[in-house]
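Report on the structure given below.
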Amino acid sequence: MNTLICSAPTQLAYEHRPAPTLRPGEALLRIRRIGICGTDLHAFEGTQPFFSYPRVLGHELAGEVVDTGDATDFQVGEAVTFIPYFGCGTCIACRRGLPNCCVQMQVCGVHLDGGMTELLGVPAAALVHGNSLTFDELALVEPLAIGAHGVRRAGVQPGEFVLVVGAGPIGLGVMEFARIAGAHVIALDLNEQRLSFCRSALGVTHTINAGNADVAEQLRHITYGDMPTVVIDATGSQRAINNAFQYLAHGGRFVLVGLQKGDISFSHPEFHKREATLMSSRNATRADFEHVLHAMHQGLVQPTTYITHRVPFGQAKDVFASWLDPATGVIKAMIEVE
């Protein structure tokens, strides 16, 4: 089978590998769609934490079942996606029902070889029924689940002002599920094209360009002087994260969905007087996947509107680097495997 390998930062190469041998507890999938995530792009450029080379990237995946193996509730030929975070099942997090932050977490395409290949064995317990969704839609369930999990972590309530920092694919998912939760969404980004997409495709009323002179003043105006009670970072930018502490209302919650390698720095007195809450949001749970699937079936989100770039698997190597360039206007790139 043909496999695309990231052997080192900025180095991609195709390699013919033998088809995987199904192991106990697994099912075998033929990969049909591979969504490109910020994690993939950061790994390619060498800035992704918790990463080692060589690695087969790809965790936003849709495929069809080739061999059900131990997945007794599935059928050969069925369209599926799967939860690409494999917990140990025994650590403190797993025992408490938090496998998304397992102590020994193994993420497909990050810690383990992922889906930029034709055939992939995955734990049968991780499979998710497609239930009539298309391959394109199924490949977008995982990134939307990341956003849904961040919103759930924040405990977003109807009527709250939620500032989402970063209008990339993960940030868009956060916006969608904050809206579904009943919040007033504010999008903050440096890229005017992405802010325009928020307005036109997602119906986000309030957008702010982070390059403007006084973001805080614009936020005060939008929130009637209160500031957002929830701030969710989806940038993974150290500067953006540090700056966003000043945008938080008293009594507010700051959730870090984005991930970066450095230290966070903020004024303790300013944070303390707000009695603010700071939390991270890692991966997603099956409940988040089910929430996304329900929202898709109800028409509450239209995920395929995010897909701006498509490429056949055999051409992905040549165009991958271009997706790092904001000038390409990429929101979500999708690789098609036939």
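The values are calculated or read from the model by the stated rules, or taken from the named source; none is laboratory data. Predicted model only: the values in this text are computed from it and were never measured. Cβ coordinates were reconstructed from backbone atoms using ideal geometry, including for glycine residues, and neighbour counts include every protein chain displayed. Heavy atoms of the whole protein, side chains included, go into the accessibility calculation; ligands, DNA and RNA do not. Shrake-Rupley method; radii C 1.70, N 1.55, O 1.52, S 1.80 Å.
The figures follow:
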quantity	calculated
Selected residue [free of Cβ contacts under 8 Å to residues at least 60 places away in the same chain, among the aliphatic types (A, V, I, L, M) and under 24 Å from Pro169 (Cα atoms)] from Val110, Val80	Val80
Arg30 vs. criteria in contact (Cβ under 8 Å) with a residue 12 or more places away in the chain, within 24 Å of the chain's Cα centre (by Cα) and open to solvent by less than 60 Å² (accessible area, probe 1.4 Å)	no
Residue within region 147-157 that is in contact with a Leu (Cβ under 9 Å, 6 or more places away or on another chain), within 30 Å of Thr229 (Cβ to Cβ), at pLDDT 95 or above and among the small types (Gly, Ala, Ser) present	yes
Filtered residues of region 256-313 (kept if under 17 Å from Val156 (Cβ atoms) and open to solvent by less than 50 Å² (accessible area, probe 1.4 Å))	Leu256, Val257, Ala276, Met279, Ser281, Ala284, Thr285, Asp288, Val292, Ala295, Val301
Qualifying residue in region 88-104 (condition: assigned to a loop (DSSP other than H, G, I, E, B), at pLDDT below 95, under 17 Å from Thr285 (Cβ atoms) and more than 22 Å from the chain's Cα centre (by Cα))	yes
Pick from region 262-293, criterion assigned to a strand (DSSP E or B) and among the polar types (S, T, N, Q), ranking: nearest to Leu138 (Cα to Cα)	Ser280
Subset of region 105-142 (residues that are over 14 Å from Arg32 (Cβ atoms), in contact with a Gly (Cβ under 7 Å, 6 or more places away or on another chain) and not in a helix (DSSP H, G or I))	Met105, Cys108, Gly109, Gly114, Pro123
Per-region count, region 203-233, residues in contact (Cβ under 8 Å) with a residue 60 or more places away in the chain and assigned to a helix (DSSP H, G or I)	1
From the options Leu140, Leu133, Leu127, Leu190, residue that is under 30 Å from Gly25 (Cβ atoms) and open to solvent by 10 Å² or more (accessible area, probe 1.4 Å)	Leu133
Given (1) farther than 18 Å from Val255 by Cα; (2) open to solvent by 10 Å² or more (accessible area, probe 1.4 Å); (3) of a type outside the set (D, E, K, R); (4) in contact with a helix residue (DSSP H, G or I) (Cβ under 8 Å, 6 or more places away or on another chain), index of the condition Ser196 fails	(4)
